[in-house]
Amino acid sequence: MAEFMRGATVPSVTLDDDEARAYASRMPRIMRASRLNSHYPNASGLGGHIGVMNPDVHRGLHKGLEVDERTGLPTYKAFTKVQSDAAVAANQLNVLGSREVLERKAARDPEGIYAKQLAKYDYYSQLVNADQIPLGHMEVRYRKRDNGRDYFNVSLDKLDVSGVFVRYAIDCSQVISSSDQIAKVDEREVAQHTDSFRSLIYQFTSLDAEFTLVKLASMAGLDVERVVKGTVGPFYFPFTNTPDVFAEFVEKHGFIATFGLDMAANDVTDDRNNDPLTSFIMKTVSDEVAEGYGIARQRIGYKVFKDRKFVCARAGVNELREIIKGLGCNTIIYGV
Amino acid sequence: MSTDLVRTAEDAATDSLFENLVTQFADALDCFRELAQNAMDAGSPQIEVWSEFEAGEGHVGTIALHVDDFGDGMDENIIDSQLTRLFASAKEGDLTKIGKFGIGFVSVFALKPQAVLVHTGRAGEYWEVLFHEDRSFSKTKIDNPVEGTQITIFVKGDSKKYNDFVFGIPNTLKRWCEHSETEITFEDRTPTSGGNSRIVKINSPFDVQGELAAMFEYPGTQIAMAFNPYPEYGFYNRGLTLTKTTVADNVFSASRAQRMQRISVKIKSRYLEHTLSRDTIVRDANYAKAMQLMDQARDGLIQKLVSEVEELAQKQQWSIEEMNLYARFLEFLALERDIDPQLLFNRKIFRAHHGGGVSPEELWEIKKRDGRILIAETGSDLTQSLKRLNVPVVMGRSGKGVQMWDNEVEFSHPLDGVSLLVARYVTKRETSTFWGMVKSWFKDVHGDVTAAITSPDMVYLPVQVAKETAPSEKALLDGALKCLKSAGTDYKEMSVFEPTAVDAPFFVMATELNELMARPSLHADTSSLAVAVNREHPHFQRLLELQERKPQMAYYCLAKSLLLQEDRNLHFDMEIIKAARGT
């Protein structure tokens, strides 16, 4: 169990160097194969971030790689370790000085301090050029001003407490004169979210898109066109908590990576759930709450689409397709 | 379900309009730019363009050209209201989208395809739309999930035609999408020459060629700039090329074109869009916003240039490369006319011989003090001595080799830029004061400053001030000095010097008597000046003789000679005579 926050732990497994090497070199390929569009967190950033957890990159400077057993992704601690190293990398390279000098000194004593410094130098050099993903980043992009309304695209990327990476994307507009502003647009046409809106959205990341849309739509002057939650994870490996239905496949083919999409929007024509891992919120709440959602659907006019795409070993694509069909879904599956 | 793309527009004029739109672009392959643009706007992380060739009977076979994206895709509503409708874009006015007009897709028909097949999916709806050769289309709901939009253009052709596509498509994509923020690849999956297919990456880094290349970031806008004598100008939106040219007037106003004459720039901005015909950029209110940012970036580049010049100027020792770099950077600075002078007044951009930098402000002060600014190409004993006397000599060439016509400047020597910059910024400093401004109404200040720039050899004469003065010499000097003082033309002191050259002048003057005596400016206060007389000059010898007989006349003559040589206070003649008679 790894400590997540003070007093809180997440179930985790520590991979040894060989396992970590295989895991960290496979992850960027999986991320690339997933073809994540703008509804998801940045795939190359995430792939790059995990890629530098490879022992071949950090050269033994870190012991083992901690992976969240629930999601198959590195733990928050493992992500932040890379983030902190990246923050000091440029400075450390200056402190360490010339690689040639370190290499010369390290050659005299391969186990000595200079050999360690040389390893650090090479690690930091790779780190400064590696793609990274922020563990929490919110951005409001200004789209246009039309008919007394400002249109925005809001996105929040976050490593969620549930251990998956999430992008929450919201297309909305607000009446310019509204007292309850979610963002302010300055003279450079740059939108800056308000603190209260930021806190609100951060609270929503663990919840589903429909809940968020209904909540936001109740704000005065705010018109929400769409809420999309793109999720990277869970990934299933032999060492993770894998649902029984996928366990045999994972043992045979090594892994399954899943990428969820949860969309509540005015332009979704029908409610559809094509995600074998989740169900509609209305099916998970009490009748009374479900009735409330029903009223909101009529009033706001949105519908919900849930989907999940998969990446697995190329040899297993057809087999996985059959499993998923067996779960009543017909999803995109990419082989790698 | 089958429908006709054209006739659903319910407009008789649409047929010809459609034809015009299909053939609107210079090159039929430009349709790949349009499809790439749509894919970018759909939020696709990558665009895979690929081709395959299936040989038929005889030479002619079927060429399939694919464009696959993984963006938002389309549902039935979008297919009906946008894909199959002209001018039905939902992106108008949206700063996060490139496309505006809703005409991109129809350009695929410029390839005269036999069919165009579109597979697309959105929110759980998956569709197949097949456009026929006559542009009618059929639309079918399909079960297999599709992510994004996959377009296949079927064209009849032989292997030569196929190879033309294989060569032309990546070139077209490179031309229009080289800096795309979305990764784009092209793959020929049926190489006619045999062997394996090869993936060509279309994207390349967003940068410019030239000196002092810099990147400037603003919200929604990124600008790469560098100094370049042969500049290029590139305009992009999210990396899609809107226009690229070497002619500044094609993309800038006349004044900005002038300012950008030696600066290569690539600007990627949410504010930019191309015209309907894609041949240039729209110059509207958003373009003006982008240009404001470009002006800021140019200021940033100039700041960078000034900092680099200043750093080089102040380096203790130079390598040959550094000297050449300094000369080149200074030339850039000299050729940039539109720079806020306040930016430069206190920057030590000029290199003084024997170390240290000098600012235009300091040179202006020196000009006020000495009436001149010294510039020399190389250091010497003279410049060394001047440095000891706190008279900096700027490294450069004094007013040589600069040719100007119609605001153009050309240098025949790397250091020609120095005198031009000294004259320009000392003039600007002078006219930045109230009196300087008033002076400029009546006088050519720039001409005045230019005339004050000179070589130390033209000013300074190495002299040896006599350590001892003969009593007769002292009497003559004291008498003349007294005459001058009584007449109101006070000099600090007067002594004799040993000439080191045959053509040494009669008088030399300076603030201090020492081994370097220089002629001060006409405006200098004489009371601050010391005078040395050439003791071997025939005129001085004659005056010494005269002194023995008519000392008052000798005093008058020496005083008068000084004023004549200096061409000052000649109207004091009567006062000098009176003063001499009183001695």
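Here, each number is a calculation from the coordinates, and none is a lab measurement. Quick caveat: nothing in here was measured; it's all calculated off a predicted structure. Glycine gets a Cβ as well: all are built from the backbone with ideal geometry, and neighbour counts include every protein chain shown.
Given 20 °C and 1.002 mPa s, how large is the Stokes-Einstein diffusion coefficient of chain A in µm²/s, with Rh as the Kirkwood radius over Cα pairs?
Numbers: Rh = 22.0 Å.
Approximately 97 µm²/s, per Stokes-Einstein.
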Report summary line: The ratio Rg/Rh over the Cα atoms of the stretch B:303-382, Rh being the Kirkwood inverse mean 1/r radius, stands at 0.96
Report task. Could you state the angle between the C-alpha long axis of helix B:416-431 and the longest principal axis of the C-alpha atoms of chain B, as a value from 0 to 90 degrees rounded to the nearest 10? Result -> 80 degrees
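Would you mind ranking A:Ile50, B:Ile349 so that the residue whose beta carbon has the fewest other beta carbons within 10 Å leads the list? Show your work: numbers first, answer last.
Details: A:Ile50 25, B:Ile349 29.
So the residues, fewest neighbours to most, are A:Ile50, B:Ile349.
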**Report entry** Distance histogram for the stretch B:125-245 (every C-alpha pair counted, 5 angstrom bins, percent rounded to whole numbers)
**Finding:** 2, 8, 12, 14, 14, 14, 14, 9, 7, 4, 2, 0
Requested in this report: Compute the separation of the alpha-carbon centres of the stretch A:149-173 and the stretch A:21-64 and state it in Å as a whole number.
Outcome: 22 Å
Query raised in the report: If the label point is 7 Å along Cα→Cβ of B:Gln565, which residues in the stretch B:440-464 have backbone nitrogen under 17 Å from it?
Result: B:458-464
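Just subtract the alpha-carbon distance of B:Glu128 and B:Thr192 from 0.36 nm times their residue separation and send over the number in nm, one decimal. Walk me through the numbers before you get to the answer.
Working: separation 64, 0.36 × 64 = 23.04 nm, distance 2.97 nm.
Here the segment from B:Glu128 to B:Thr192 would lengthen by 20.1 nm.
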Query raised in the report: Gap in Å between the Cα centre of the stretch B:474-491 and the Cα centre of the stretch B:544-583?
Result: 8 Å
Requested in this report: Provide a whole-number value for the mean count of partner chain Cβ atoms within 10 Å of the Cβ atoms in peptide A:36-42.
Outcome: 5
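Tell me, what is a quarter of the convex hull surface for the C-alpha atoms of chain B, in nm² with one decimal?
Details: hull surface 149.8 nm².
That works out to 37.4 nm², a quarter of the Cα hull's surface.
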Query raised in the report: Using 17 Å as the cut-off for backbone N distance, which residues of the stretch B:524-563 belong to the label zone defined by a point 7 Å from the Cα of B:Glu493 along Cα→Cβ?
Result: B:526-535
Query - Largest-first ellipsoid semi-axes for the stretch B:463-582, taking √(5λ) over the Cα gyration tensor eigenvalues, angstrom - result: 20, 18, 12
Requested in this report: Would you mind checking the pairs A:Lys229/A:Lys303; A:Lys252/B:Lys141; A:Lys306/B:Lys268; B:Lys315/B:Lys439; B:Lys474/B:Lys550; A:Lys158/A:Lys306 and listing those with alpha carbons more than 26 angstrom apart?
Outcome: A:Lys252/B:Lys141; A:Lys306/B:Lys268; B:Lys315/B:Lys439
Report task. Label the stretch A:226-336 by shape, choosing from rounded, prolate and oblate, from the square roots a ≥ b ≥ c of the eigenvalues of the Cα gyration tensor; if a/c is under 1.5 it is rounded, and otherwise prolate applies when a/b is larger than b/c, oblate when it is not. Result -> prolate
Report task. Compute log10 of I(q)/I(0) for the protein assembly as shown with the Debye formula, placing one identical point scatterer on every Cα and leaving out solvent, at q = 0.07, 0.08, 0.11 Å⁻¹, to two decimals. Result -> -0.76, -0.90, -1.38
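So if I average 1/r over every pair of distinct C-alpha atoms in the stretch B:259-315 and take the inverse, what Kirkwood radius in Å does that give? Before the final figure, lay out each step's value.
Details: mean 1/r = 0.0748 Å⁻¹.
13.4 Å is the Kirkwood radius here.
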Report summary line: Largest fluctuation, A:Lys105, A:Lys215, A:Lys229 only, Gaussian network model of chain A with Cα springs under 10 angstrom, belongs to A:Lys105
Report summary line: Gyration tensor on Cα atoms of the stretch B:314-458, a ≥ b ≥ c root eigenvalues, a/c under 1.5 rounded, else prolate if a/b beats b/c, else oblate, says oblate
Requested in this report: For A:Ile333, enumerate residues with amide H under 5 Å from its amide H, sequence gap 5+ or separate chain, H modeled in the peptide plane.
Outcome: A:Phe310
Report summary line: Listed by chain and number, the aspartates and glutamates with an alpha carbon less than 15 angstrom from that of B:Lys139, same-chain partners under 8 positions apart left out, are B:Asp4, B:Asp75, B:Glu76, B:Asp80, B:Glu125, B:Glu128
**Report entry** Centroid-to-centroid separation of the stretch B:414-445 and the stretch B:215-284 [C-alpha atoms, Å]
**Finding:** 34 Å
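Averaged over B:125-133, how many beta carbons belonging to a partner chain fall within 10 Å of each residue's beta carbon? Provide the component values of the computation, followed by the final result.
Numbers: counts 5, 1, 0, 0, 0, 0, 0, 0, 0.
Mean inter-chain Cβ contacts per residue within 10 Å come to 1.
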Query - Averaged over B:316-326, number of beta-carbon atoms from partner chains that fall within 10 Å - result: 0
Query - Computed Kirkwood radius, in angstrom, where 1/r is averaged over Cα pairs of the stretch A:165-284 - result: 16.7 Å
Report summary line: Helix B:551-566: inclination vs chain B longest Cα principal axis, degrees, rounded to 10, gives 10 degrees
Query raised in the report: In degrees from 0 to 90, rounded to the nearest 10, what is the angle of the helix B:573-582 Cα long axis to the longest principal axis of chain B?
Result: 30 degrees
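Counting other beta carbons within 10 Å of each residue's own, what order do B:Thr190, B:Thr280 fall into, fewest first?
With the fewest neighbours first, B:Thr190, B:Thr280 line up as B:Thr280, B:Thr190.
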**Report entry** Anisotropy class of the stretch B:225-341 from Cα gyration tensor, a/c 1.5 cut
**Finding:** prolate
Report task. Provide the per-residue ³J(HN,Hα) series for the stretch B:130-138, in order, calculated from phi with Karplus coefficients 6.51, -1.76, 1.60 and θ = phi - 60°, each as a whole number of Hz, with x at glycine and proline positions. Result -> 10, 8, 8, 4, 7, 6, 6, 9, 10
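What list do you get for A:Leu15, B:Leu563 if you sort them by fewest beta carbons within 10 Å? Kindly include the intermediate steps, with their values, before the conclusion.
Numbers: A:Leu15 22, B:Leu563 19.
If I rank by nearby Cβ atoms, fewest first, I get B:Leu563, A:Leu15.
If exposed GluC sites (Glu not before Pro) are those in a DSSP loop with at most 10 other Cβ within 10 Å, what is the longest stretch of chain A that has none? Don't jump to the answer; show the numbers that get you there.
Details: sites that count: A:Glu111, A:Glu187.
Answer - A:188-336.
Grab the beta carbon distance between B:Ala115 and B:Asn171, set R0 = 25 Å, and tell me the FRET efficiency rounded to 0.05.
Values: r = 25 Å, r/R0 = 1.00.
Once the sixth-power term is evaluated, E becomes 0.50.
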